[in-house]
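The values are calculated or read from the model by the stated rules, or taken from the named source; none is laboratory data. Because the structure is a prediction, the values reported are computed rather than measured. Quick reminder, even Gly has a Cβ in these numbers, built from the backbone with ideal geometry, and neighbours come from all protein chains shown. Accessible surface is based on the protein model in full, side chains and every heavy atom, while ligands, DNA and RNA are left aside. Shrake-Rupley method; radii C 1.70, N 1.55, O 1.52, S 1.80 Å.
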Number of protein chains: 2
Amino acid sequence: MVTRGQARPTLRDVAERAGVSVSTASLVFSGKGPVAEATGDRVRAAATALGFTGPNPLASSLRHGRSGAIGVLVEGRLRMAFRDPFAIAVLDGLSEVLETVPTGMLLIGQPAGSGESVVPQLAPLALDAVVFSLCGPGENPAVEHLAARGIPMFSTGVPGDRRITQVRIDERAAGIAIAEHVRSLGHRRVAHVAMPMLPSSTAGPVPDAEVRPGEANVPSVGRLLGFRDVFGANASAVQTGDGSSFEGGRIAGRSLLDVPEHERPTAIVTQSDVIAAGVIVAAEELGLRVPDDLSVTGFDGVDLPWLPHRITTMDQQGREKGRILGTLVRKRLDGTRPRSVTQPVQLRVGTTTAPPA
Amino acid sequence: MVTRGQARPTLRDVAERAGVSVSTASLVFSGKGPVAEATGDRVRAAATALGFTGPNPLASSLRHGRSGAIGVLVEGRLRMAFRDPFAIAVLDGLSEVLETVPTGMLLIGQPAGSGESVVPQLAPLALDAVVFSLCGPGENPAVEHLAARGIPMFSTGVPGDRRITQVRIDERAAGIAIAEHVRSLGHRRVAHVAMPMLPSSTAGPVPDAEVRPGEANVPSVGRLLGFRDVFGANASAVQTGDGSSFEGGRIAGRSLLDVPEHERPTAIVTQSDVIAAGVIVAAEELGLRVPDDLSVTGFDGVDLPWLPHRITTMDQQGREKGRILGTLVRKRLDGTRPRSVTQPVQLRVGTTTAPPA
DNA sequence: GCATGCTATCGAAACGTTTCGAGTCGAATC
DNA sequence: GATTCGACTCGAAACGTTTCGATAGCATGC
């Protein structure tokens, strides 16, 4: 009988004290096989006496081959990713479902631009699945690594690698729908503010070379293509340098609006509500009234309580999207192989669009 | 020689193919003991040939007794917690340090009010440490559980359980400092908007019974006590029902400001920048100008790019706080027992305070 | 020529569970 | 009284690593 100094008690210690075998003690805690009530009580009593709080999760995981954690890959600094309320809504819905499994979400940040470094970061982590929801477009070296490890991958809105199960929307159709709305109000001089086409894109006018029609599944590309389907390839389009951000929207808005009046667009279609908020503030800073002097549309359908407008937007129900994502993950862990799904989106007219003056 | 169907290759498979022992193969991947260059190459070649991506993290963790994950306990729905930019700043700083370890952050939500359910949720998770940074005040049943498991605990701004290592500030002194600033401008009719005193508190005037002088370490209590040290116990104070939130601030602001002018405060001291933003918007909705008709102060020092004011605030440098927290965690995992630290805070005067009209 | 030390490798024993097949024992059945 | 059955319990074999101590080979120093 070895005295085990400071160490935490193990199932073996408990079993010994209760006078049963280790396997029986295990049965008591897992609640599987049949155990006599008296035995169960004895084991539980021994556990309390020793301060045993339950089977060691690490050992249990090794045995099961499940870690109980799914990875959430976040592009760039957390601070940036979490500034996007849509991403948070997705995460929220996801957690809602995962809490019932139970599975935790392991946040994995990719410090800006350090493409390759994510693999060594990922390698020592035990993950049952990985979600790319907070990641932008483009090839991610993590995909190859995870595929090799056989870890199921999920995403919303990342382009269509066959190995990734997706919850997506028809980006281009959504882009067309909201552009049509603006056009139907009578606007003809309309500009577009996009999220970056590529991870490497910089803020400013969108270069034609970056808009590849084959990539219509990438949110930024698909939405721009939809916009151009309605307003033509010559309509001016700028992109932010930092995804869906308020500051990016404000800067883009200023560049589009701080021009002679006859050049100024009467409406701006943006790719996210947060960007739209930036554009609206930029407009108001220049003395323009929304929607009287300028109509602005967003995308996502998030809640921005501080903004004194309800943005006209395409609602893509982030929380619900996250919940669906969660369900897919759960199904996959249960052994089935769920297929990607396409979610509907809906135009929601707010107080930021009106016919041109 | 067993054929191992679909399963992932293990270190044993690699060793076998390379014609070395398992222990040698292990040495190659961990980079510890001395290995002949030729042997190393042979092992690596075998690994690539078999598609072996590195030692199984689960097994490795069991052996080491380290899971590579630290838990981040989040109170309530993720969506709510992540609305608080200060919390995110702390998380961001934390991740910055942890990425170098490498360790991931496992998000653990506590679905609203379900006090007890957190323990069964925690029990099956392998965690090297737990951080309470996103949790409000009050006794958390998780603390007992984690203490029993011997998992080190850390927090910012949760009251002083001796088992929890803290990065704190002197809440009361900070409360005094900012109240002094307002008083020195000449304000005499000043109200306070607090975060909830207790997890169970509801929105509205702060009941005296909830303000326990012994709990001055709880942010909401300490800051209110500091305020009262300057403006007296009779100065009106209301609390939000949902922590540090814009909506909570707006509602509280409206209740304090939508009264006859002679009753209206000339300044409002709040417990967070987000709350302050809500108060400012409420004031502007009532036609009051900030700071001409009303001075408003915040707390935290976060960046709210959408607000056309720079809030006068106590800067507590969330990101830096998170980094320090990360360093403490790392030290603890390295075997030392770091002590709690108290960080300085600094008054930062912005554009939301001025002498009364 | 023998002790000494160093390098490269190996076998075996953990780490703490879960699970499977087998075994015991008492009660019920014929 | 032998047989069958069920409820309960157990031992042993995984799960895939890492690490400790031992061993073998080989050069060095006296």
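Report, by residue number, each residue of segment B:47-71 that is hydrophobic (A, V, I, L, M, F, W, C), farther than 15 Å from B:Val101 by Cβ and more than 7 Å from every other protein chain (Cβ to nearest Cβ). B:Ala47, B:Ala49, B:Leu50, B:Phe52 - these are the residues of segment B:47-71 that are hydrophobic (A, V, I, L, M, F, W, C), farther than 15 Å from B:Val101 by Cβ and more than 7 Å from every other protein chain (Cβ to nearest Cβ). Where strands (runs of 3 or more DSSP E) fall wholly inside segment B:275-357, the ranges with 2 or more residues that are in contact (Cβ under 8 Å) with a residue 24 or more places away in the chain and closer than 24 Å to A:Glu284 by Cβ are B:295-297.
None of B:Asp293, B:Asp273 is closer than 30 Å to B:Val167 by Cβ, of a type in the set (D, E, K, R) and either surrounded by fewer than 22 Cβ atoms within 10 Å (Cβ to Cβ) or modelled with pLDDT of 95 or more (or both) except B:Asp273.
Considered as a group, the residues in segment B:16-26 that are within 7 Å of DNA strand C (Cβ to nearest atom) and among the hydrophobic types (A, V, I, L, M, F, W, C) include one that is least open to solvent (accessible area, probe 1.4 Å), and that residue is B:Val20.
Of the numbered criteria (1) modelled with pLDDT of 90 or more; (2) not in a helix (DSSP H, G or I), the one B:Arg223 fails is (2).
Before we move on, is B:Gly222 farther than 30 Å from B:Ala69 by Cα and buried (at least 19 other Cβ atoms within 10 Å of the Cβ)? Answer is yes for this residue. Just one of the numbered conditions (1) away from DNA strand C (no atom under 12 Å from the Cβ); (2) farther than 30 Å from B:Ile164 by Cα; (3) of a type in the set (D, E, K, R); (4) outside any helix (DSSP H, G or I) is not true of B:Asp13; which one? Unmet for B:Asp13, out of (1) away from DNA strand C (no atom under 12 Å from the Cβ); (2) farther than 30 Å from B:Ile164 by Cα; (3) of a type in the set (D, E, K, R); (4) outside any helix (DSSP H, G or I): (4).
Of the residues A:Arg79, A:Arg83, the single one that is in a loop (DSSP other than H, G, I, E, B), assigned by TED's automatic domain parsing to the domain that holds A:Gly326 and away from DNA strand D (no atom under 12 Å from the Cβ) is A:Arg83. Checking each residue in segment A:29-66 for being near DNA strand D (Cβ under 8 Å from one of its atoms), of a type outside the set (S, T, N, Q) and either surrounded by 12 or more Cβ atoms within 10 Å (Cβ to Cβ) or not in a helix (DSSP H, G or I) (or both) picks out A:Gly33, A:Pro34, A:Val35, A:Ala36, A:Gly40, A:Ala59, A:Leu62, A:Arg63, A:Gly65.
When you scan segment B:301-308, do you find a residue that is more than 13 Å from chain A (Cβ to nearest Cβ), of a type in the set (Gly, Ala, Ser), open to solvent by less than 60 Å² (accessible area, probe 1.4 Å) and under 27 Å from A:Ser245 (Cβ atoms), even just one? The answer is yes; a qualifying residue exists. Of the residues that sit in segment A:192-219 and are of a type in the set (A, V, I, L, M, F, W, C) and open to solvent by 30 Å² or more (accessible area, probe 1.4 Å), which one is nearest to the chain's Cα centre (by Cα)? Checking each candidate, the answer is A:Met195. Taking (1) under 18 Å from B:Val119 (Cβ atoms); (2) part of a helix (DSSP H, G or I); (3) in contact (Cβ under 8 Å) with a residue 24 or more places away in the chain in turn, A:Gly93 satisfies each apart from (1). Residues that are touching a residue at least 60 places away in the same chain (Cβ under 8 Å), farther than 30 Å from A:Ser95 by Cβ, within 14 Å of chain B (Cβ to nearest Cβ) and assigned to a helix (DSSP H, G or I) occur in segment A:247-259; there is at least one.
Could you tell me which residue of segment A:67-76 is nearest to DNA strand D (Cβ to nearest atom), considering only residues that are in contact with a strand residue (DSSP E or B) (Cβ under 7 Å, 6 or more places away or on another chain) and at pLDDT 75 or above? Out of the qualifying residues, it is A:Gly68.
How about segment A:40-68: which of its residues are of a type in the set (Gly, Ala, Ser) and near DNA strand C (Cβ under 7 Å from one of its atoms)? If the condition is that a residue be of a type in the set (Gly, Ala, Ser) and near DNA strand C (Cβ under 7 Å from one of its atoms), then A:Ala59, A:Ser60 are the ones that fit.
Residue under question is B:Glu37, and the condition is that it be over 29 Å from A:His64 (Cβ atoms), modelled with pLDDT of 90 or more, of a type in the set (D, E, K, R) and within 13 Å of DNA strand C (Cβ to nearest atom); does it hold? Criteria met by B:Glu37.
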